[in-house]
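These notes concern the structure reproduced below.
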Amino acid sequence: MSADRQIIHMDQDAFFVSVEVRKNSELTGKPVIIGSLSDRGVVASCSYEARKFGVHSAMPARMARMLCPHGIWIRGNMDEYSKASHEITEILKENVPLIEKASIDEHYIDMSGMDKHFGTLLYARELRAKVMRETALPISFGLSVNKTVSKMATNECKPNGELNIEKAVVQPFLNPLSIRKIPGLGEKTFIKLSDMGIKKIYELSQVHPEYMNSILGKNGIWLLQKAKGIDDSPIIPYQEQKSIGTQTTFKNDSIDLVAINYLLTSMVMELAFELRQKKKQTACITVTVRYSTREDVTKQAVIPYTALDGPLIKKVKELFKAAYQKRLLIRLVGVRLSNLVNGFEQIDLYAESEEQYSLCQAMDKIRRRFGPDSIKLASGINLNL
């Protein structure tokens, strides 16, 4: 762990709720819950006032209503949250040397070496103030020697806070915390370690590496390093062009629009499944049409973050319709999803109907067991173009 690393973790405070409060100041200080009120619905986000009653993200709506019967429920608007996320990212990109967009509402910033020119803590404070001033949205940050500790520092100082953990105090900072606060530690692992009497990070840090490896394998060594404040993972630069895509060249040039729309549906389902497997969302769709004349026509659209089949299929077909204007034979069609960020369930729990969300989950379960081509929508059957 290098003393020279200066990693800032910036995280929006109850992001979806904050966007709603920005629109309607009367929600300030109220127990606001973003999500669906139906029995099958879940909580996508909630205010800190609602969290005092035990409400949290991904909680079933029925339970949230029992815990906080006077909560103010809002269906939410993913388009607005996506736009707000882009606002914040653009501000940060313009003011820091290296940034990673970890999810819709959090960023890592590498300021290593910049402290020779000015104090990193002071700069982080100024940057936080700039974001709040220009977006009217609250944000917190943690500053430390790596991504793990800076994220944990942010979590400890939220909401509306800041915390600097220098190398000399990393272990004293971590020791009294619950192991549950280690990023990436799952519920099953937490229960297993708790049953062994390991509940605090200090207790975990004292376990012999060979023993951790014997009970949890590589994941045990990874957790042990986290408990000791060790994390050499780099900042992955945020790139607008980070993407996944697929294309199909036809055996014979075609003008069969019905078959091509079936094919586009199948292509989108394949890409959406890949997104969900990687726990990612897309905010940009590009459709390419190559005519028999070898001319390419490309259409692109920015969309609310999603990884669900329905909205992606609908937008791809709209873009194809816009691209196909010359009524010529088509040689190739391609679909690319870009502007990817981490997160699936946390973001899209309420954005589409519960039926579509459940359908995606059921289909993904079948694909994981029997293969990616084991199930498709009827509108995505391969017609061997």
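The values are calculated or read from the model by the stated rules, or taken from the named source; none is laboratory data. Here the structure is a predicted model, which is why all the values come from computation and not from measurement. FYI the Cβ positions are ideal-geometry reconstructions off the backbone, even for glycines, and counts take in every protein chain you see. Note: areas computed on protein heavy atoms with side chains; ligands, DNA, RNA excluded. Shrake-Rupley method; radii C 1.70, N 1.55, O 1.52, S 1.80 Å.
Numbers for the structure displayed
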| quantity | calculated |
| --- | --- |
| Among residues of the range 236-253, those that are assigned to a loop (DSSP other than H, G, I, E, B), of a type in the set (Val, Ile, Thr) and open to solvent by less than 40 Å² (accessible area, probe 1.4 Å), counted | 0 |
| Those helices (runs of 4 or more DSSP H) lying entirely in the range 18-100 with at least 3 residues on the phi < 0 side of the Ramachandran plot, in contact (Cβ under 8 Å) with a residue 24 or more places away in the chain and of a type outside the set (Ser, Thr, Tyr) | 61-67, 78-93 |
| Selection count, the range 263-309, where residues are in contact with a helix residue (DSSP H, G or I) (Cβ under 8 Å, 6 or more places away or on another chain), closer than 27 Å to residue 105 by Cα, modelled with pLDDT of 90 or more and charged (D, E, K, R) | 0 |
| Lone unmet requirement of (1) buried (at least 18 other Cβ atoms within 10 Å of the Cβ); (2) within 19 Å of the chain's Cα centre (by Cα); (3) within 11 Å of residue 337 (Cα to Cα) for residue 304 | (3) |
| Among the candidates 294, 290, 331, residue that is surrounded by fewer than 18 Cβ atoms within 10 Å (Cβ to Cβ), in contact (Cβ under 8 Å) with a residue 24 or more places away in the chain, over 29 Å from residue 16 (Cβ atoms) and not aliphatic (A, V, I, L, M) | 294 |
| Pick from the range 70-88, criterion surrounded by 15 or more Cβ atoms within 10 Å (Cβ to Cβ) and touching a strand residue (DSSP E or B) at 6+ places or on another chain (Cβ under 6 Å), ranking: nearest to residue 139 (Cα to Cα) | 82 |
| Check on residue 177, among the hydrophobic types (A, V, I, L, M, F, W, C), on the phi < 0 side of the Ramachandran plot and at pLDDT 95 or above | yes |
| Selection count where residues are in contact with a strand residue (DSSP E or B) (Cβ under 7 Å, 6 or more places away or on another chain) and not β-branched (Val, Ile, Thr), scope the range 193-239 | 4 |
| Of the criteria (1) surrounded by fewer than 23 Cβ atoms within 10 Å (Cβ to Cβ); (2) touching a residue at least 12 places away in the same chain (Cβ under 8 Å); (3) part of a helix (DSSP H, G or I), which one residue 112 fails | (3) |
| Sole residue being closer than 24 Å to residue 148 by Cα and surrounded by 15 or more Cβ atoms within 10 Å (Cβ to Cβ), chosen from 27, 67, 98 | 98 |
| Within the range 122-154, tally of residues that are closer than 14 Å to residue 15 by Cα, open to solvent by 50 Å² or more (accessible area, probe 1.4 Å) and touching a residue at least 24 places away in the same chain (Cβ under 8 Å) | 1 |
| Enumerated helices (runs of 4 or more DSSP H) restricted to the range 178-235, each holding at least 3 residues that are of a type outside the set (Gly, Ala, Ser) and open to solvent by 40 Å² or more (accessible area, probe 1.4 Å) | 187-195, 209-216, 218-227 |
